[in-house]
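Notes follow the structure.
The values are calculated or read from the model by the stated rules, or taken from the named source; none is laboratory data. The shown structure was predicted, so the numbers you read here are calculated from the model rather than taken from an experiment. All Cβ positions, glycine included, derive from the backbone under ideal geometry; neighbour counts span all protein chains shown. SASA here: full protein model, heavy atoms, side chains in, ligands and nucleic acids out. Shrake-Rupley method; radii C 1.70, N 1.55, O 1.52, S 1.80 Å.
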Amino acid sequence: MSGERQHLTRVPGLLYGGDYNPEQWPEEVWAEDAKLMREAGVTMATVGVFAWARLQPGPEEWDFGWLDRLLELLDAHGVAVDLATATASPPAWLVRAHPELLPVTADGVRLEFGSRQHYCPSSPVYRAAAVRLTRALAARYAGHPAVALWHVHNEYGDHVTECFCPESAADFRRWLGRRYGDADGLNAAWGTGFWSQHYRTLDEVEPPRTAPGPVNPTQLLDWRRFCSDALLECYRAERAVLAELAPGTPVTTNFMSMFKALDYWKWAAEEDVVSDDAYPDPADPQAYVGAALNYDLMRSLKGGAPWLLLEQAPSAVSWRPVNVPKLPGLQRLWSLQAVSRGADAVMYFQWRASRAGAEKFHSAMLPHRGTDSRGWRESVRFGAELRQLAAVAGGRTRAETAIVLDWDSWWALELDDRPSARMRWPELLRPWYAALHRRSIAVDFVPPGAELAQYRVVLAPNLYLLRQTTADWLGAYAATGGHLVCGPFSGVVDEHDHIHLGGYPAPLRETLGVVVDEYWPLPEGATTTVTLADGRELTASRWTEWLETIDAQPVARYASGPLTGLPAVTRRGTAWYLGCDLGPDTGAVLDTVLAEARVRPVLDTPEGVEATRRGPGHLFLLNHGDHPAEIDLPEEWATATDLLDPARTPGPALTLGPLGVAVLQRPTPPTE
Ligand code: GAL
């Protein structure tokens, strides 16, 4: 274990801080900022995210003096810098000189300057300007004592994920050329025999702009792939500059949790450290479950390595229709939730609340009211607490259960003209994840083809698009005794969104021993009863299937509606199939699978209490409920120390108040 305890940056312990936008303030304020950062225990500030216009006021003008002074000031106050390449908001002079770099929507509307993220990802002018700025910054600040991390761009895909301008069209055709070689290859893949869509040359192909009716689904699917790759090219170009001029300092770009537009498996492979921006909604009492899911994904993107929570709101955001603040203690609880799931940084948007601009009502570590405010006092208190948790940094979570996540399948599932538009990946995934979460079962996400040896259970809530290789991979897992559970509407199409013929889920038919005669989606509000062999009744909604067994045992059958008597859930040895969406009842089936696979929960906890392990030595207990919760502890934790309250030894039962947290540390953790 100790070999795994490497820090993500040269700064030890858990990083604490936030986005700092000094260009919004007169320089006199900076000294106060630096002093207050020290007071709050800030160890890292993300600097320069939107500073392009300030750094390069004109095509041949550069102004680094202010940044030199700022980095020196922060360094002198012991604050390390996550230095942004500042390329997410091109300045007005660049846009006016090259209006063609502005992005264009599918309807042909060119989006104007005046916000941010206003660039076409394929624009050679934008890419060259971004690389030039990155080069200037890297040349000047490589090796600077303050710079501990490079922050490429900001939230790729935020606001603009796609552009339909002629430059993008040309880039799309080049991408298609690399994928298919020529028009013949593309025609075969896109099934252009349908609706007279045949192309003679690739030059005739355009992006999927707004058209009279449904657009070719494979064209749309390739467009999703291309758009993720086009933004990735932007990232790669900047990262290459940093690799050349600033080697040795880790590079990241901040993700946006489980974000549809970007295939983060591909992206994370090109980062030194994964970082995430997370904005769970305080108005949603279940928000912590979705947050846990996102954090587990971030941890999984680099095979379990710790990651950085680079942005979250100290209290309210400013971009929801109603922006509910966080109750006292909630930001502490949610921050520690991220740490419990592998984060080695707790950082915020932003350090000092803005006076002007679209985000002036967004909370900050230092609110408008200044230091005489609840927000500031919480910032200071929490900074001190985080220092008490330094030993947690670097610890890894060990999961025995995995969930398969494939962006390709997600994109294909949510194209138009499916049996039901209600089949959306996040909604299908959520009850499966929530069932594990409720049972305190640690879970990783894995991409198709990942190593599965460490997992006793592999869940695939939906794999609408299924390559034969992925089906073989799952089949091999189940054939060697792995417990595999596949969800409905899986194994339907190949990588081109062409149906696997001969009865769905064709590539998995042998593994699962079932065949679907017809999909039977349910309209909004409709439900069907499903009965387990022991008589328990479950409820299916959204989706059912006319399912027949070939070589599998029915585990549950429909007990109402047109499919009455047909199997709803089946198993063939350790390979399970759910032919319907059981929503919150999914856990009733998973219970049997988890028990047979002997997957152990971290701890049995009351409703609303999360129990998470980091490394062999730390157990996090987090009470998301609004009542005190009593948690029974096994002997090995009863004598542990609560790092947040070192005077207390929990004993066999520990009581956590509403929003309460304990971080237990065992004196001598066993080696795992
Ligand atoms: C993020 C973004 C920040 C800030 C924040 C507000 O998406 O990266 O710059 O806008 O949201 O919540």
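Can residue 69 be described as within 19 Å of residue 365 (Cα to Cα), away from the ligand (no atom under 16 Å from the Cβ) and open to solvent by 40 Å² or more (accessible area, probe 1.4 Å)? Even if it seems obvious, please write down each step before you answer.
Details: within 19 Å of residue 365 (Cα to Cα): no; away from the ligand (no atom under 16 Å from the Cβ): yes; open to solvent by 40 Å² or more (accessible area, probe 1.4 Å): yes.
Against the criterion (within 19 Å of residue 365 (Cα to Cα), away from the ligand (no atom under 16 Å from the Cβ) and open to solvent by 40 Å² or more (accessible area, probe 1.4 Å)), residue 69 does not qualify.
When 237, 211 are checked against the criterion of being without any contact (Cβ under 8 Å) to a residue 40 or more places away in the chain and small (Gly, Ala, Ser), a single residue qualifies: 211. The number of residues in the stretch 352-381 being open to solvent by less than 10 Å² (accessible area, probe 1.4 Å) and either under 30 Å from residue 114 (Cα atoms) or out of contact with any strand residue (DSSP E or B) (no Cβ under 8 Å at 6 or more places or on another chain) (or both) comes to 7. Quickly run through the stretch 102-138 and pick out the residues that are under 30 Å from residue 81 (Cα atoms) and among the hydrophobic types (A, V, I, L, M, F, W, C). Selection gives 113, 120, 125, 128, 129, 130, 131, 133, 136, 137, 138. Only one entry in 114, 157, 143 is touching a residue at least 12 places away in the same chain (Cβ under 8 Å), within 16 Å of the ligand (Cβ to nearest atom) and surrounded by fewer than 24 Cβ atoms within 10 Å (Cβ to Cβ), namely 157.
Of the candidates 133, 74, 149, the single residue that is within 16 Å of the ligand (Cβ to nearest atom), open to solvent by less than 10 Å² (accessible area, probe 1.4 Å), among the aliphatic types (A, V, I, L, M) and not in a loop (DSSP other than H, G, I, E, B) is 149.
Quick one: would you say residue 586 is of a type outside the set (Phe, Trp, Tyr), more than 15 Å from residue 461 (Cα to Cα) and not assigned by TED's automatic domain parsing to the domain that holds residue 621?
Values: of a type outside the set (Phe, Trp, Tyr): yes; more than 15 Å from residue 461 (Cα to Cα): no; not assigned by TED's automatic domain parsing to the domain that holds residue 621: yes.
Criteria not met by residue 586.
The residue pairs whose first member lies in the stretch 250-263 and is open to solvent by less than 30 Å² (accessible area, probe 1.4 Å), whose second member is within 13 Å of the ligand (Cβ to nearest atom) and among the aromatic types (Phe, Trp, Tyr), and whose beta carbons are closer than 9 Å, counting only pairs six or more residues apart or on different chains, are 253/156; 254/156; 255/156; 257/279; 261/156; 262/156; 262/255. Whenever a residue of the stretch 290-318 is among the aromatic types (Phe, Trp, Tyr), its partners that are open to solvent by 10 Å² or more (accessible area, probe 1.4 Å), lying with C-beta atoms within less than 8 angstrom and at least six residues away or across chains, give the pairs 295/341; 307/8; 307/301. Taken over the stretch 585-631, the criterion of being charged (D, E, K, R) and either in contact with a His (Cβ under 6 Å, 6 or more places away or on another chain) or open to solvent by 40 Å² or more (accessible area, probe 1.4 Å) (or both) is satisfied by 585, 591, 596, 598, 600, 604, 607, 613, 626, 630.
Evaluating residue 83 against the criteria (1) within 16 Å of the ligand (Cβ to nearest atom); (2) open to solvent by 10 Å² or more (accessible area, probe 1.4 Å); (3) closer than 22 Å to residue 251 by Cβ leaves one unmet condition, (2).
The residue list 347, 365 contains one member that is under 22 Å from the mean Cα position of the chain (by Cα) and among the aliphatic types (A, V, I, L, M), which is 347. Residue 230 falls short on exactly one of the conditions (1) in a loop (DSSP other than H, G, I, E, B); (2) on the phi < 0 side of the Ramachandran plot; (3) more than 16 Å from the ligand (Cβ to nearest atom), and that condition is (1).
In this structure, residue 309 does not satisfy being away from the ligand (no atom under 15 Å from the Cβ) and open to solvent by less than 20 Å² (accessible area, probe 1.4 Å). Number of residues in the stretch 312-336 that are polar (S, T, N, Q), within 22 Å of residue 385 (Cβ to Cβ) and within 14 Å of the ligand (Cβ to nearest atom): the value is 3.
For every residue, the table says whether it meets (1) open to solvent by less than 10 Å² (accessible area, probe 1.4 Å); (2) away from the ligand (no atom under 16 Å from the Cβ).
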{"site": "29", "(1), (2)": "no, yes"}
{"site": "32", "(1), (2)": "no, yes"}
{"site": "43", "(1), (2)": "no, yes"}
{"site": "52", "(1), (2)": "yes, no"}
{"site": "55", "(1), (2)": "yes, yes"}
{"site": "60", "(1), (2)": "no, yes"}
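Hey, any hits in the stretch 287-296 for a residue that's within 14 Å of the chain's Cα centre (by Cα), open to solvent by less than 10 Å² (accessible area, probe 1.4 Å), away from the ligand (no atom under 15 Å from the Cβ) and hydroxyl-bearing (Ser, Thr, Tyr)? For the stretch 287-296, residues within 14 Å of the chain's Cα centre (by Cα), open to solvent by less than 10 Å² (accessible area, probe 1.4 Å), away from the ligand (no atom under 15 Å from the Cβ) and hydroxyl-bearing (Ser, Thr, Tyr): present. Just one of the numbered conditions (1) on the phi < 0 side of the Ramachandran plot; (2) without any contact (Cβ under 8 Å) to a residue 60 or more places away in the chain; (3) of a type outside the set (A, V, I, L, M, F, W, C) is not true of residue 78: (1). Of the residues in the stretch 180-197, at least one is open to solvent by less than 10 Å² (accessible area, probe 1.4 Å) and touching a residue at least 60 places away in the same chain (Cβ under 8 Å). Filtering the stretch 225-249 to residues that are open to solvent by 50 Å² or more (accessible area, probe 1.4 Å) and of a type outside the set (A, V, I, L, M, F, W, C) leaves 233, 236, 239, 244, 247, 248.
Given the structure, is residue 451 among the charged types (D, E, K, R) and either crowded, with 23+ Cβ neighbours inside 10 Å or touching a residue at least 60 places away in the same chain (Cβ under 8 Å) (or both)? It is false that residue 451 is among the charged types (D, E, K, R) and either crowded, with 23+ Cβ neighbours inside 10 Å or touching a residue at least 60 places away in the same chain (Cβ under 8 Å) (or both).
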